[in-house]
Amino acid sequence: MADGSPSDESSLPGELNIDNLYFRSKVMAEAAVDQFLEHRSLPIVLIQPGTIFGPSDAAPSESGRFVLNFLQQKVPFILTGGLSIVDARDVAQAMITAVKQGQSGERYLVGGQYHSAGEILTTLSEVSGVKGPQRKLPGWAMHLLARLLTLISRLTGQSLVDLSVDVVKIMLTQQQFNSAKAMDVLDVNFRPLLETLRDTVAWYRDHDYCE
């Protein structure tokens, strides 16, 4: 929220949610669901997760690519800011429980726990044995680097490091979430970051993603 307190289900979309096309699509989709429920009785429960990490991310997603980049020592700096991380398995369990215990038309924020970028990298190093970066990149330099990498990718057609302008904005906003409603109604529990990253690294190594 604007005052720095954790956002909950009643919080209005912030500037980031409007500027970011992905987040804006989520806001528009939820508005469409609300309009649909005004004239229909079909039960619909909305789950709003934080940044999802976890094993079995075969795509891999953006968070999965971050883990793989770290394992291949392609993360040269400690970034400023952080993310509210939730394990994919905890989100899945919340969705299953919501089928029986969730109230139609209600939103449940499954935001996980906030961790600084330094804490994330330190934990990745601990569970993987891979040495992490030592130099910290300030916010202004993150913006500059992200724009430079985007320009190079457009000119060459090659993706270098996964650091987009949108990712930088998300990290520097340091969004935190209040998941009390989901914890109360859906019995949500959040496993620790160490367990999530340990299992993610093990899954990628077991499935030969790290060669």
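The values are calculated or read from the model by the stated rules, or taken from the named source; none is laboratory data. What you see is a predicted model; the values in this text were computed from it and never measured. Note: ideal-geometry Cβ built from the backbone for every residue, glycine included; neighbour counts use all protein chains shown. Accessible surface areas use protein heavy atoms only, side chains included; no ligands, DNA or RNA. Shrake-Rupley method; radii C 1.70, N 1.55, O 1.52, S 1.80 Å.
Restricting to the range 170-211, and then to whatever is part of a loop (DSSP other than H, G, I, E, B) and over 19 Å from Ala88 (Cα atoms), can you tell me which residue is most open to solvent (accessible area, probe 1.4 Å)?
First, the residues of the range 170-211 that are part of a loop (DSSP other than H, G, I, E, B): 174-176, 178-179, 186-192, 207-211.
If we keep only those that are over 19 Å from Ala88 (Cα atoms) as well, we get 174, 208, 210-211.
On the way: Gln174: 90, Asp208: 101, Cys210: 45, Glu211: 178 Å².
Here the residue is Glu211.
The set of residues in the range 77-91 being part of a loop (DSSP other than H, G, I, E, B) and either more than 30 Å from Met183 (Cβ to Cβ) or open to solvent by less than 30 Å² (accessible area, probe 1.4 Å) (or both) consists of Phe77, Gly81.
Taking into account only those residues within the range 138-153 that are open to solvent by less than 60 Å² (accessible area, probe 1.4 Å) and either aromatic (Phe, Trp, Tyr) or farther than 12 Å from Met171 by Cα (or both), which is farthest from the chain's Cα centre (by Cα)? Across the range 138-153, the extreme among qualifying residues is Ile152. What number of residues within the range 99-113 are surrounded by fewer than 23 Cβ atoms within 10 Å (Cβ to Cβ) and over 27 Å from Ala146 (Cβ atoms)? Residues flagged as surrounded by fewer than 23 Cβ atoms within 10 Å (Cβ to Cβ) and over 27 Å from Ala146 (Cβ atoms) within the range 99-113 amount to 9.
For the range 53-70, which residues satisfy the criterion of being within 9 Å of the chain's Cα centre (by Cα) and under 17 Å from Ser164 (Cβ atoms)? Once the filter is applied, which keeps residues that are within 9 Å of the chain's Cα centre (by Cα) and under 17 Å from Ser164 (Cβ atoms), the range 53-70 yields Glu62, Ser63. Filtering the range 109-149 to residues that are within 30 Å of Ala202 (Cα to Cα) and either in a loop (DSSP other than H, G, I, E, B) or of a type in the set (Phe, Trp, Tyr) (or both) leaves Gly111, Gly112, Tyr114, Gly129, Val130, Lys131, Gly132, Pro133, Gln134, Arg135. Just so you know, in the range 29-52 the residues that are part of a helix (DSSP H, G or I) and over 20 Å from the mean Cα position of the chain (by Cα) include one that is surrounded by the most Cβ atoms within 10 Å (Cβ to Cβ), and it is Val33.
A single entry from Val130, Val201, Val165 fulfils the requirement of being β-branched (Val, Ile, Thr), over 18 Å from Asp87 (Cβ atoms) and modelled with pLDDT of 95 or more: Val130. With respect to being outside any helix (DSSP H, G or I), within 27 Å of His143 (Cβ to Cβ), modelled with pLDDT under 80 and out of contact with any Pro (no Cβ under 6 Å at 6 or more places or on another chain), Leu12 fits the description.
Taking the range 154-169 as the range and being open to solvent by less than 80 Å² (accessible area, probe 1.4 Å) and not in a helix (DSSP H, G or I) as the test, the residues that pass are Gly157, Val161, Asp162, Leu163, Ser164. In this entry, Lys74 is excluded by the filter for residues that are without any contact (Cβ under 8 Å) to a residue 12 or more places away in the chain, open to solvent by 50 Å² or more (accessible area, probe 1.4 Å) and not in a strand (DSSP E or B).
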